[in-house]
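Structure, as structure tokens:
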Amino acid sequence: MNDGSSGAEGLVTYELRGDIALIGLNRPDKRNAISDRFVEAIGAAVTRATDEAKAGVIHGHGPHFCAGLDLSEHSEKPLFEAVKGSRQWHRIFDMIERGLIPFVSALSGAVVGGGFELAASTQVRVADSTAFFALPEGQRGIFVGGGGSVRIARLIGAPRMGDMMLTGRTLGAEEMERWGGVSYVVPEGEALTRAIEIAARTATNAEFTNYAILNALPRISDMSSEDGLFTESMVASLATMTPDAKQRLRDFLEKRAAKVQAPGNG
Ligand code: 1HE
């Protein structure tokens, strides 16, 4: 899995471009459906990215981001194997959501089932105009198992997620943006470029602040208001004590740092 080459059995490509790791789902003939070995390969790529990059981008090769769980494998699984498989998805997607570096997903075509769960574990989602979102678990007789009942429900709300699962409806990129499931919608073919730009921007932040965004924010949203506010004060005070923060605050006060830009300028 070296720069520009592919990972375990070619299921994942990995490229380090400056500070940004590009992780490509590379099973386009099966619409990037995620098998057990595929999720392991994603985990290995995420581990490597965490070691050597400041931010990561996850994208799909071919027109579709990901058609979700590999249904051919799933249908054969005994009960406890299915539980262990789901817990493995949780472990790997948790490394994306609450790891050391931010991840941006570049979405096109099918973002379905486990593919949406993978996207939901990234901090920023960029969809091009071809992207469509569905949770067909109801039709398949299964249930989300890659963290969707937590992450997707928090993104778009449990009632909307329930609606998607019950009806099997498909949403386009703009509708999903209105629902809060993606943050950026771009023209066809531009998701990866925009995702790399966004990842590069996050890579210039203070590392401790990025770490706190990934690890404190989701935990604080699990807390009571009182506990959340207390924890926020602790994290904010710790952040201010880092040499990085001291330097960045000095840079602003001595007019060396960029100002906040009005929308459209930055
Ligand atoms: C697959 C899968 C898959 C495609 N598992 N093999 N996910 C789903 O229910 C989505 C199922 N897939 C589809 O609805 C469609 O494939 C797509 C809309 C994504 C794309 O359609 P299309 O016309 O471009 O491709 P296709 O002809 O349907 O599929 C191409 C091949 O990929 C075909 O195999 P082939 O051997 O006949 O060439 C398909 O069988 C195969 N393929 N999707 C296995 N998902 C952790 S729990 C998460 C729970 C879920 O993810 S549930 C949602 C599962």
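The values are calculated or read from the model by the stated rules, or taken from the named source; none is laboratory data. Computed from a predicted model, the values in this text were never measured in an experiment. Glycine also receives a Cβ, built like all others from the backbone with ideal geometry; neighbour counts cover every protein chain displayed. The accessibility values were calculated without ligands, DNA or RNA, using every heavy atom of the protein model including side chains. Shrake-Rupley method; radii C 1.70, N 1.55, O 1.52, S 1.80 Å.
Structure summary
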item	result
So V111, is it within 16 Å of the ligand (Cβ to nearest atom), among the β-branched types (V, I, T) and out of contact with any strand residue (DSSP E or B) (no Cβ under 9 Å at 6 or more places or on another chain)	no
Long-range neighbours under 9 Å by Cβ, at least six apart or interchain, first residue among the acidic types (D, E) within region 52-80, second surrounded by fewer than 20 Cβ atoms within 10 Å (Cβ to Cβ) and not in a loop (DSSP other than H, G, I, E, B)	E52/L16; D70/K30; D70/D36; E73/D36; E73/G85
Enumerated helices (runs of 4 or more DSSP H) restricted to region 149-266, each holding at least 3 residues that are at positive phi	none
Residue list for region 40-97, restricted to those being more than 13 Å from the chain's Cα centre (by Cα), among the aliphatic types (A, V, I, L, M), surrounded by fewer than 22 Cβ atoms within 10 Å (Cβ to Cβ) and away from the ligand (no atom under 14 Å from the Cβ)	A44, L79
Which numbered condition F116 misses (of (1) open to solvent by 10 Å² or more (accessible area, probe 1.4 Å); (2) within 9 Å of the ligand (Cβ to nearest atom))	(1)
Tabulated pairs, region 178-193, first among the polar types (S, T, N, Q), second assigned to a helix (DSSP H, G or I), C-beta under 8 angstrom, 6+ apart or interchain	S183/E177
Sole residue being touching a helix residue (DSSP H, G or I) at 6+ places or on another chain (Cβ under 6 Å) and modelled with pLDDT of 95 or more, chosen from M223, M176, M165	M165
Residues within region 25-57 that are within 21 Å of N210 (Cβ to Cβ), assigned to a helix (DSSP H, G or I) and basic (K, R), tallied	1
Test: residue in region 66-75 that is farther than 26 Å from Y211 by Cβ and among the charged types (D, E, K, R)	yes
Residue check, T13 touching a helix residue (DSSP H, G or I) at 6+ places or on another chain (Cβ under 9 Å), within 25 Å of A203 (Cα to Cα) and assigned to a helix (DSSP H, G or I)	no
Residue in region 145-167 that is away from the ligand (no atom under 11 Å from the Cβ), free of Cβ contacts under 8 Å to residues at least 60 places away in the same chain, crowded, with 22+ Cβ neighbours inside 10 Å and more than 20 Å from Y184 (Cβ to Cβ) present	yes
